[in-house]
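**Student:** This structure is in structure tokens; I'll ask about it shortly.
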Amino acid sequence: MRSRIFPCLPELQTSFLSPFFLALTFFIFFFSFFTLYSPLAQDFKFSASNQLEYSLDNNHKDIFHDWFDFIGKYDIYEAGLRYEAHQPDDFGNTFQEFSYRYFQVTTKSFQLIAGNYYAMFGRGLILRSYENRDLRLDNNLDGIKGNLNSGRFDLTVLAGSPRDGYKRINDPLQGADGKMVISKWLTMGGSFVQTDITNFGFIRLFGGNASFVFPHLDLYAEYVRKDNPSGENVEKDGEGVYLTSSFYQTGFGLTLEYKDYKRLDFTNGTLVYNNPPSLTKEHHYTLLNRNAYILNLYDEKGIQAQAVLTPQEKLSFLTNYSYTTNHQNRMIFSDIYGEAEYDYKSLATLKGGFSYMKNRQEVGLPYFLAPVFDFTYYLSGQNSIAFSLEHLWTSKYDGNLTYYDQIISIDFAHSPNISLTLTDERTTEWKTRAWSGKKNWLILSLDLALGEKHNLTMSVGSRRAGKVCSGGICTDRPALDGGEIKLLSRF
Amino acid sequence: MRNLIFRFGIILLLFVIPSLIQSDTKISSAPNFVAKDLSGTKVELKEVLKGGPVLISFWATWCKPCIKELGELQKVYKKYREKGFEILAVDVDGPRSISKVRSMVKGLGWDFPVLWDESKDIYRSYQVLGIPHTVLINTSGEIVYTHTTYRPGDEEIIKKKIEELLKKQPLPEEKQEEKSEK
């Protein structure tokens, strides 16, 4: 594959003796010695990072991901570059490219970026361009972005073409986002985005927002309208409303949210340009996230309430309620969750929680009951042992089909460098339908901090396939039956 | 397959060895940034460093070890804040959870400043690859300690590092008085 950013580069070879890897070797050693010994390094600031993930599976192809980022700074100037390789990725696609490069000038009141950049307008109802490597998602824009900030006024103007999967699409997008501080309590803003999408026609989104901040209370409201005047394949208009308020004082916090998204899907079929709040709890537990709600911007409305209470330093409670329907008032998703955590004399921590969830997006219209429990015992200042239990009952077709999934993990940690975790997952889902695969999965993971700049995680065993979700966006993660290595490095 | 293992080995050597040499001999400077706190006030790292050493902690409301670590760091903050030590908790929540940050921070009784990093500009400039991620910076703006993930007991190492920094660079008396008045 030829690089689109540097088309004169020859095809990048996969061999470690290829010109690319030799060049990379030279670059890394040059960079190391330059930052160590050169007097010029005092004025120039360089940093780099690398994220490498490799898994070797007995049943499927190997998966290899690597992201290398480099940033160079001099005074108000900054330039950056990312090389990305997937050989292959989770779905068998092979890709390698300089996928992100930019030049940036930043002063106290002004910023200009030429090249690749990310952006979010408001709370993401109009535009959200971002990267999430766990979701294998990166919809950065390639073009130009300018920001002016005078304290009371903040204006961002951008133009560029977005990335969709591994390709840059030729549907140029323009947008602007402004904010004005009206008073100590009130900030108002407006956003606008337009693009001409192949096969969908010209689409324009615009909206306004207001933010009130009082002592112990804040409110935020945003309204967005979508027009698609020339569109033949989609409805001509759509709209979205998002409201939130938070009340807080020391030891207590309450957040209430409301959403109403009607034909607000801003997409070319695969790439989604906007990502508003989904109003569902992002759980810490694997099993609770396995049936997470997937955002449907075409037709949904709902509420979420979350409260945090810390009556004393060693005791805290968290409760959450989420409820989403479509515009015919048919319930799509609901989740009632509560947890309590207690720290016993700094010797042990106990945490218990419970979730009752219904998800009508899943086959069989299931509901789920899930108790979760964590126990951590501090053996000494540096050593601790933790036990975690997640138990998820799934009931389908009004309770005719019931099974459970369970995860138990035991973790030994030696601060700051070592963690060893054994995780067992089992299911009785095989009792409810034809089943040919595994019924239980066991994986051992060793997490090592190599100095302050490197983290290495090595896992051996098997792990179940499943959804990985964040912010209402999900991706399927393949099963593992073999070994996996993850290396995070910063330079 | 052999090619991949080879490639992984080469990359491991290329990346780990030079920077292991570097980590013992070179102290890098912390990128300056300006960000808004929960009340909308602009906070600039360079200005905060004039008051004493700063610990930056990257976190999000959905990150279980981050909440655990910040709970422990709150105790560290209580102990050293009057001597000039400051924590900046940089929140990297997306639009889904950003509205819950303020109520969670107050609900859990954290006193240190929490900064928004909606577009993850600070996150990227510090080359963060996972959270929780902590960075301890001395008053000269040099990064003296970084750590990714949280294991119980990590706060003890941070305490030792802070004490070393406060011994080397004690806060002037008038600044100490200002801090204790706050």
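**Student:** Please find, within the range A:258-299, the residue that is surrounded by the fewest Cβ atoms within 10 Å (Cβ to Cβ) out of those that are among the hydroxyl-bearing types (Ser, Thr, Tyr) and more than 30 Å from A:Ala159 (Cα to Cα).
**Tutor:** Step by step, filter the range A:258-299, then rank; the result is A:Tyr258.
Each row is one residue, and each column tells you yes or no for (1) over 29 Å from A:Val241 (Cβ atoms); (2) at pLDDT 90 or above; (3) within 12 Å of another protein chain (Cβ to nearest Cβ).
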position	(1), (2), (3)
A:Gln51	yes, yes, yes
A:Asp66	yes, yes, yes
A:Thr107	yes, no, yes
A:Asn132	no, no, yes
A:Leu135	no, no, yes
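**Student:** A further question on this structure: Going by the conditions given, is A:Ser459 part of a strand (DSSP E or B), away from every other protein chain (no Cβ under 14 Å) and buried (at least 19 other Cβ atoms within 10 Å of the Cβ)?
**Tutor:** yes
**Student:** Next question, about the same structure. State yes or no: is A:Lys179 of a type in the set (Lys, Arg) and at pLDDT below 90?
**Tutor:** Answer is no for this residue.
**Student:** Which is at pLDDT below 90 and assigned to a strand (DSSP E or B), of A:Ser32, A:Ser47?
**Tutor:** Answer to the selection: A:Ser47.
**Student:** So, in the range B:104-151, how many residues would count as being touching a residue at least 60 places away in the same chain (Cβ under 8 Å), surrounded by 20 or more Cβ atoms within 10 Å (Cβ to Cβ) and assigned to a loop (DSSP other than H, G, I, E, B)?
**Tutor:** Count: 8.
**Student:** Here's another thing I want to ask about it. Give the residues of the range A:247-286 that are aromatic (Phe, Trp, Tyr) and in a loop (DSSP other than H, G, I, E, B), sorted by residue number.
**Tutor:** Matches in the range A:247-286: A:Phe266, A:Tyr273, A:Tyr285.
**Student:** Now, a different point. If you check A:Phe98 against the conditions, is it of a type in the set (Phe, Trp, Tyr), over 25 Å from B:Lys42 (Cβ atoms) and not in a strand (DSSP E or B)?
**Tutor:** Spelling it out, it is not the case that A:Phe98 is of a type in the set (Phe, Trp, Tyr), over 25 Å from B:Lys42 (Cβ atoms) and not in a strand (DSSP E or B).
Quick grid of which residues meet (1) outside any loop (DSSP other than H, G, I, E, B); (2) more than 14 Å from chain B (Cβ to nearest Cβ); (3) free of Cβ contacts under 8 Å to residues at least 40 places away in the same chain; (4) under 19 Å from A:Ala119 (Cα atoms):
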residue: A:Asp171; (1), (2), (3), (4): no, yes, no, yes
residue: A:Ala176; (1), (2), (3), (4): yes, yes, yes, yes
residue: A:Lys179; (1), (2), (3), (4): yes, no, yes, yes
residue: A:Met188; (1), (2), (3), (4): yes, no, yes, yes
residue: A:Ser191; (1), (2), (3), (4): yes, no, no, yes
residue: A:Phe206; (1), (2), (3), (4): yes, yes, no, yes
residue: A:Ser230; (1), (2), (3), (4): no, yes, yes, no
residue: A:Ser245; (1), (2), (3), (4): yes, no, yes, no
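**Student:** Looking only at the range A:322-345, count how many residues are buried (at least 16 other Cβ atoms within 10 Å of the Cβ) and among the aromatic types (Phe, Trp, Tyr).
**Tutor:** The number of residues fulfilling the criteria is 3.
**Student:** Looking at the structure I just gave you, is A:Leu392 assigned to a strand (DSSP E or B) and touching a helix residue (DSSP H, G or I) at 6+ places or on another chain (Cβ under 7 Å)?
**Tutor:** So A:Leu392 passes the test.
**Student:** Output the residues belonging to the range A:408-430 that are more than 14 Å from chain B (Cβ to nearest Cβ) and either assigned to a loop (DSSP other than H, G, I, E, B) or of a type in the set (Asp, Glu) (or both).
**Tutor:** Correct list: A:Asp424, A:Glu425, A:Thr428, A:Glu429.
**Student:** If you check A:Gln306, A:Gln312, which single one turns out to be surrounded by fewer than 21 Cβ atoms within 10 Å (Cβ to Cβ), at pLDDT below 95 and facing chain B (nearest Cβ under 10 Å)?
**Tutor:** Only one candidate passes the filter, namely A:Gln312.
**Student:** Same structure again: Since A:Arg433 meets every condition but one in (1) away from chain B (no Cβ under 11 Å); (2) surrounded by 15 or more Cβ atoms within 10 Å (Cβ to Cβ); (3) among the basic types (Lys, Arg), which condition does it not meet?
**Tutor:** (2)
**Student:** For the range A:356-378, enumerate the residues that are under 16 Å from A:Glu339 (Cβ atoms) and within 12 Å of chain B (Cβ to nearest Cβ).
**Tutor:** Residues satisfying the conditions are A:Val372, A:Asp374, A:Thr376.
**Student:** Still on this structure, I have one more. State all residues of the range A:379-406 that are within 14 Å of chain B (Cβ to nearest Cβ) and either buried (at least 19 other Cβ atoms within 10 Å of the Cβ) or closer than 21 Å to A:His283 by Cα (or both); if no residue qualifies, say none.
**Tutor:** Hits for the range A:379-406 are A:Ser384, A:Ala386, A:Phe387, A:Ser388, A:Glu390.
**Student:** For the structure I just gave you, tell me whether B:Gly94 is modelled with pLDDT of 90 or more, crowded, with 22+ Cβ neighbours inside 10 Å, touching a Gly at 6+ places or on another chain (Cβ under 8 Å) and in a loop (DSSP other than H, G, I, E, B).
**Tutor:** no
**Student:** Follow-up. Of all residues in the range A:193-204 being in contact (Cβ under 8 Å) with a residue 60 or more places away in the chain and part of a strand (DSSP E or B), which is nearest to the chain's Cα centre (by Cα)?
**Tutor:** Step by step, filter the range A:193-204, then rank; the result is A:Val193.
**Student:** Let me ask something else. Considering only residues that are modelled with pLDDT of 90 or more and of a type in the set (A, V, I, L, M), which ones fall in the range A:152-176?
**Tutor:** Across the range A:152-176, the qualifying residues are A:Leu155, A:Val157, A:Leu158, A:Ala159, A:Leu173, A:Ala176.
**Student:** Considering only the range B:94-145, how many residues are farther than 22 Å from A:Arg128 by Cβ, at the interface with chain A (Cβ under 7 Å from one of its Cβ atoms) and within 13 Å of the chain's Cα centre (by Cα)?
**Tutor:** 2
**Student:** Now a separate question. Taking the options A:Ser380, A:Ser384, A:Ser395, name whichever one is within 28 Å of A:Ser322 (Cα to Cα) and of a type outside the set (A, V, I, L, M, F, W, C).
**Tutor:** Only one candidate passes the filter, namely A:Ser395.
**Student:** Also: Of everything in the range A:249-295 that's of a type in the set (Asp, Glu) and closer than 22 Å to A:Thr319 by Cα, which residue is nearest to the other protein chains (Cβ to nearest Cβ)?
**Tutor:** Applying the filter and picking the extreme gives A:Glu282.
**Student:** Can you work out which of the residues in the range A:462-491 that are within 14 Å of chain B (Cβ to nearest Cβ) and not in a strand (DSSP E or B) is surrounded by the most Cβ atoms within 10 Å (Cβ to Cβ)?
**Tutor:** Looking at residues that are within 14 Å of chain B (Cβ to nearest Cβ) and not in a strand (DSSP E or B), I get A:Gly471.
**Student:** So, one more: Any chance you could count how many residues in the range A:102-130 are assigned to a strand (DSSP E or B), buried (at least 20 other Cβ atoms within 10 Å of the Cβ) and of a type outside the set (A, V, I, L, M)?
**Tutor:** Of the residues in that region, 6 qualify.
**Student:** To continue, here is another question. Against the condition under 26 Å from A:Gln96 (Cβ atoms), small (Gly, Ala, Ser) and buried (at least 17 other Cβ atoms within 10 Å of the Cβ), how does A:Gly160 come out, does it pass?
**Tutor:** Judged against the criteria, A:Gly160 is a match.
**Student:** Moving to a separate point now. Can you tell which of A:Thr421, A:Thr427 is modelled with pLDDT of 85 or more, under 27 Å from the mean Cα position of the chain (by Cα) and of a type in the set (Ser, Thr, Tyr)?
**Tutor:** One residue alone meets the criteria, A:Thr421.
**Student:** Another question about this same structure. Has the range B:67-79 got any residue that is in contact (Cβ under 8 Å) with a residue 12 or more places away in the chain and among the small types (Gly, Ala, Ser)?
**Tutor:** Scanning the range B:67-79 turns up at least one residue that is in contact (Cβ under 8 Å) with a residue 12 or more places away in the chain and among the small types (Gly, Ala, Ser).
The values are calculated or read from the model by the stated rules, or taken from the named source; none is laboratory data. Worth saying up front: this structure is predicted, and the values here are computed from it rather than measured. Every residue, glycine among them, receives a Cβ derived from its backbone with ideal geometry; neighbour counts consider all protein chains shown.
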